[in-house]
Every structure is written in structure tokens, then in C-alpha cells.
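The values are calculated or read from the model by the stated rules, or taken from the named source; none is laboratory data. Everything numeric in this text was worked out from a predicted model, so none of it was measured. Glycine gets a Cβ as well: all are built from the backbone with ideal geometry, and neighbour counts include every protein chain shown. For accessibility, only protein heavy atoms count, side chains too; no ligands or nucleic acids. Shrake-Rupley method; radii C 1.70, N 1.55, O 1.52, S 1.80 Å.
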Amino acid sequence: MQSSSSTVITPDWPAIFAVVLGATAFSVAQGLTYPLVSLTLEARGFSSSMIGVNAIAYAGGTAASTLLIGALTKRWRPDRLIIASLILCSLCLVTFAASTSFSIWLVARFVLGFFASIIFMLGEAWLNAACPDRLRGRVSGLYGMGICAGFAAGPLAIPLFGSAGGLGFALTAVYLAIVAFATGMLMFSTKTVPAPSSTSDVFRFFKAAPILVGMVFVFGFADIAAISAMPVYFVKMGYSEAFAAISVTVLALPTALAQPFIGVLLDKLPRERVALAAVGVAAASYLILPSMTSEIAILGIFALMGTAVFSLYTCALTMLGERYTGSMLVAGSAAFALVYAAGSATGSGLTGAIMEAGGPMAGPISVGLGLAAFTALLIFVQRR
């Protein structure tokens with residue numbers, strides 16, 4: 001029997017644990033797969049453009065699943081779709097381990113993007129459906145911590161297992177299969193399930209919640225700019241490549257640890273003000289960065305930046321569950337997936353182009369000014 005977030009009085013803990021477990025597991029897999037696919041293809045002699053085509057296949061799978069999510073949820077129960085998606089993602093990783101054909105890898109990457117997106121879209125909708133509003137921020141913070149920690153932990157497997165021979169892919173596939181089994185066991189005890197949605201609901205959500213959509217776009221833009229463009233900024237400013245690599249780790253770990261505390265704030269304070277504070281701090285962090293010269297100070301600002309930027313998504317996810325129920329939860333999660341992809345693509349490409357045209361400092365300053373503009377928009381909306 002279905003329950004919506006508006007009728008949930010006590011949290012459906014088995015469902016919450018199932019969603020957090022599944023999302024964390026796949027975040028580990030993504031954190032490993034992103035760099036490992038690129039490193040493996042490069043070692044086999046493929047050009048940067050061909051490696052980019054492989055990455056585009058993943059994005060194409062993500063877009064396809066977003067547009068088909070309505071049809072899928074009407075044909076199959078959403079909780080069972082999550083289990084099936086974990087298993088099929090595991091099989092995609094087995095394919096990476098077993099094959100060296102670029103064409104097969106291209107198809108596997110598309111399928112991986114398709115079912116990974118389903119895990120996150122349905123998982124986030126289920127998380128909100130299983131949670132009473134008084135705990136929504138804390139549960140969203142726990143979910144955010146799992147995702148951040150998973151992405152940070154995934155690349156650590158590369159030094160352990162290497163980028164040759166497919167061992168990293170194979171072991172991650174086994175890990176996902178075990179998580180799929182554990183998630184299935186938890187589902188025997190769940191009391192909630194996400195409601196089916198439709199493609200029209202997704203486009204209806206864009207019209208109904210432009211501020212939430214904007215928050216996720218800004219998150220995607222600033223997050224990818226920090227991960228991909230800022231390490232390049234550090235190297236261009238004369239810092240070592242080792243420092244640039246450390247900055248990404250410093251960005252990820254404090255962000256993961258901070259999300260449960262952000263969740264507490266979301267349950268204790270007006271959520272719109274927490275979102276406003278998050279984007280304001282993110283803007284200030286980017287704008288201050290070029291004036292910093294001490295490496296310790298830079299890393300401190302970077303940790304604050306990562307925490308503030310990701311907190312914007314935790315806020316958006318919490319506010320989604322607060323304001324919408326039923327099919328609009330899945331529609332909202334699907335809309336989030338689309339605008340995150342658009343924001344991250346824009347953040348990576350545009351920030352790099354701005355740095356090429358205006359010099360390294362133009363990168364963080366331009367992102368900071370964009371965040372400051374969105375901060376002003378939130379202030380205007382909240383005062384209306």
C-alpha cells in the first residue's frame with residue numbers, strides 16, 4: 001500500500017535505509033567508474049575526444065531515463081525498479097571488466113547512465129515519501145552524506161586495484177549485487193512506495209517550482225566548477241598538481257560530514273533561509289578565493305565552498321518533499337536530474353572558457369558573481 005509524505009506520521013525506516021544504502025553504493029561505483037573508465041581508455045590509446053564520447057553516452061542514458069520514468073513507473077513498481085536498476089548497473093560493470101571493445105563499452109555506459117538515473121530519481125522520491133516532515137531535513141542530510149562519502153571513497157579503489165585488468169570493475173559489480181540483495185531484503189519491511197509519475201508531470205514541475213529547479217541548476221553549475229575547473233585554476237596560479245588534487249579531497253570530505261548538521265538546521269529553522277545562507281556562503285567563498293595566498297586558508301575556504309554548494313541540493317531535496325507528494329515527487333526528482341546535468345555541463349564548459357578568455361582569476365570570480373545573482377533572486381522572492 002502506498003503512503004505519501006503528507007500522510008506519514010512515523011518514518012518508514014526500512015525504506016529510508018534501503019534508499020540511503022542503494023544511493024551510497026552507487027555513488028561509490030560512480031566515484032570509481034568516472035576516473036577508471038577514462039584512465040583505462042587512455043591506457044588503451046584512445047583519444048581525449050573518444051573518451052569524451054564515452055562520457056556523453058552516460059549522459060545520454062541519464063536523459064533517456066528521465067524522459068521515460070513515467071512509463072516505467074506505470075508498468076513496474078518503483079521499489080522493484082530500484083532493485084532491478086542496481087542489478088543491471090552491476091552487470092554493466094561486469095561488462096567493463098570482461099570486454100575491451102569500445103563499442104560494447106559505449107553501450108554499457110549508456111545503459112549504466114540510464115539505470116543509475118533511475119536509482120537516484122526513484123530513491124529521492126521514495127526518501128521523501130517515507131519521511132515525516134519533522135525529520136525531512138535530517139534524513140536528507142543523511143542521504144547527502146552518503147552520496148558525498150561514496151563519491152569521495154570510489155576513487156580510492158584505483159590505487160588499490162589499479163586501472164588495468166578490470167579487477168576494480170569486477171569487485172564493484174559484486175559490491176552492487178550484494179547491496180541489491182540487501183536492499184531487496186529491507187523492502188520486505190517497508191510501508192511506503194513512490195507513486196507512479198508521467199513525463200507531463202516532469203514538465204509541469206518545471207512550471208510549478210522554478211526556484212527549486214534553479215537551486216539544483218546552480219548547485220550543478222557551482223559543484224562541477226569546483227571539482228573540474230578549480231584544480232586547473234590552482235595549477236595556472238602556480239600551485240602544484242598535488243595541491244590541486246588535495247583540494248578535491250578537501251572539498252568532498254567536509255561536505256559529507258556537514259550534511260547531517262545542515263539537515264538539523266533545515267528541521268529547526270525556516271528552510272528558505274537555510275537555502276539562502278547556503279548560496280550566499282558559496283558565493284562569498286568563490287569571490288574570496290582569488291585573494292587568498294596561504295595554502296591552509298585556501299583549503300579552508302574550499303572546504304566551506306563544498307559544504308555550502310552541496311547544502312543547496314540538500315535544501316532543494318528537503319523542500320521538494322515538504323511541498324509535493326505523490327507523482328510530483330518522482331516528477332521533481334526527474335526534473336532535478338535534468339537540470340543538474342544541464343548545470344554541471346554549463347559549469348564545466350563555461351568556467352573553463354572564461355578562464356581561457358579572462359585569465360585564471362576570472363574563473364572563481366565569474367562563478368561567485370553568478371551565485372551572488374542567484375542569492376539576490378532568492379532574497380527578492382522571499383520578500384514578496
Unique residue being under 30 Å from Val202 (Cβ atoms), out of contact with any Lys or Arg (no Cβ under 7 Å at 6 or more places or on another chain), in a helix (DSSP H, G or I) and open to solvent by 30 Å² or more (accessible area, probe 1.4 Å) when the list is Leu287, Leu304, Leu276, Leu320: Leu276
Residues being closer than 14 Å to Ser197 by Cβ, assigned to a helix (DSSP H, G or I) and open to solvent by 60 Å² or more (accessible area, probe 1.4 Å) - total across the range 63-111: 5
All positions within the range 229-258 that are polar (S, T, N, Q) and either surrounded by 17 or more Cβ atoms within 10 Å (Cβ to Cβ) or over 21 Å from Val281 (Cβ atoms) (or both): Ser240, Ser247, Thr255
Scope the range 156-176; condition modelled with pLDDT under 75 and within 16 Å of Leu41 (Cβ to Cβ); matching residues: Ile158, Gly162, Ser163, Ala164, Gly165, Gly166
Residue in the range 204-226 that is closer than 30 Å to Thr100 by Cβ and open to solvent by 20 Å² or more (accessible area, probe 1.4 Å) present: yes
